[in-house]
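Take a look at the structure set out below.
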Amino acid sequence: MAEKVFSTTATVKGGREGHVKSDNGVIDVDLSMPKGGDLPNNASNPEQLFAAGYAACYDGALNLMASKDKKEIDSEITGEVSLIKDPSDGGFKIGVTLHVNISGVSQSEAEELAHKAHEFCPYSKATRGNIDVDLVIKGN
């Protein structure tokens, strides 16, 4: 393994119907399997946590790419993570759509920055070739 820059942990007990807590206690939530597509208001799930992490990481990469290109932007990323039936084994897999909203640049500049960020983002690198990731890009 290459040199670690940062490491953290989160511990889950009880799987999808359990509880997750991060090493610093900031994440400390009950988990619940969606029932009929809905979640209880007081619980989360692995897909929400992944969506939050991916969106945050991607937004950081996007702003770095804009800075390198000397573009001043304001961005908002919504990570949409879906649990999808996997016909190959009868189980499930995940798919991601990143809704990328960038203010301060044209549509074509937004698309260029978004694709550069997708190449650079550690979450994008980790998922590349493993899950489908779609970018929905809006510049204005």
Condition check for residue 81: among the hydrophobic types (A, V, I, L, M, F, W, C) and either closer than 28 Å to residue 19 by Cα or in a helix (DSSP H, G or I) (or both): yes
Scan of the range 97-110 for residues that are surrounded by fewer than 18 Cβ atoms within 10 Å (Cβ to Cβ) and either of a type in the set (Phe, Trp, Tyr) or over 15 Å from residue 80 (Cβ atoms) (or both), ordered by number: 103, 104, 106, 107, 108, 109
Residue, modelled with the lowest pLDDT, within the range 119-140, restricted to residues that are assigned to a loop (DSSP other than H, G, I, E, B) and not acidic (Asp, Glu): 140
Considering residues of the range 19-28 that are of a type outside the set (Val, Ile, Thr) and in a strand (DSSP E or B) only, the residue surrounded by the fewest Cβ atoms within 10 Å (Cβ to Cβ): 28
The range 1-17 residues that are at pLDDT 90 or above and surrounded by 10 or more Cβ atoms within 10 Å (Cβ to Cβ), paired with ones that are β-branched (Val, Ile, Thr) and not in a loop (DSSP other than H, G, I, E, B) (beta carbon under 6 Å, 6 or more apart): 10/20; 12/20
Selection within the range 111-132 - over 21 Å from residue 73 (Cβ atoms) and either of a type in the set (A, V, I, L, M, F, W, C) or surrounded by 14 or more Cβ atoms within 10 Å (Cβ to Cβ) (or both): 126, 127, 131
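Please go through the range 72-122 and pick out each residue that is farther than 17 Å from residue 135 by Cβ, of a type in the set (D, E, K, R) and in contact with a Gly (Cβ under 7 Å, 6 or more places away or on another chain). Steps first, answer last, please.
Filtering the range 72-122 down to residues farther than 17 Å from residue 135 by Cβ leaves 72, 74, 83-93, 104.
Okay, now just the ones that are also of a type in the set (D, E, K, R), so 72, 74, 85-86, 89, 93.
Selection gives 72, 74.
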Of all residues in the range 88-110 being assigned to a loop (DSSP other than H, G, I, E, B) and over 17 Å from residue 73 (Cα atoms), the one that is modelled with the highest pLDDT: 89
Qualifying residue in the range 61-69 (condition: touching a strand residue (DSSP E or B) at 6+ places or on another chain (Cβ under 7 Å) and in a strand (DSSP E or B)): no
Those residues of the range 29-51 which are in a loop (DSSP other than H, G, I, E, B), at pLDDT 85 or above and over 18 Å from residue 84 (Cβ atoms), in sequence order: 32
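What tally of residues in the range 93-132 results from selecting those that are aliphatic (A, V, I, L, M) and without any contact (Cβ under 8 Å) to a residue 12 or more places away in the chain? Show your work before the answer.
Keep residues of the range 93-132 that are aliphatic (A, V, I, L, M), which gives 94, 96, 98, 100, 102, 105, 110, 113-114, 117, 126, 131.
Going one step further and asking which of them are without any contact (Cβ under 8 Å) to a residue 12 or more places away in the chain, we end up with 126.
So the answer is 1.
The values are calculated or read from the model by the stated rules, or taken from the named source; none is laboratory data. The shown structure was predicted, so the numbers you read here are calculated from the model rather than taken from an experiment. Note that we place each Cβ from the backbone using ideal geometry, even for glycine, and neighbour counts take in every protein chain shown.
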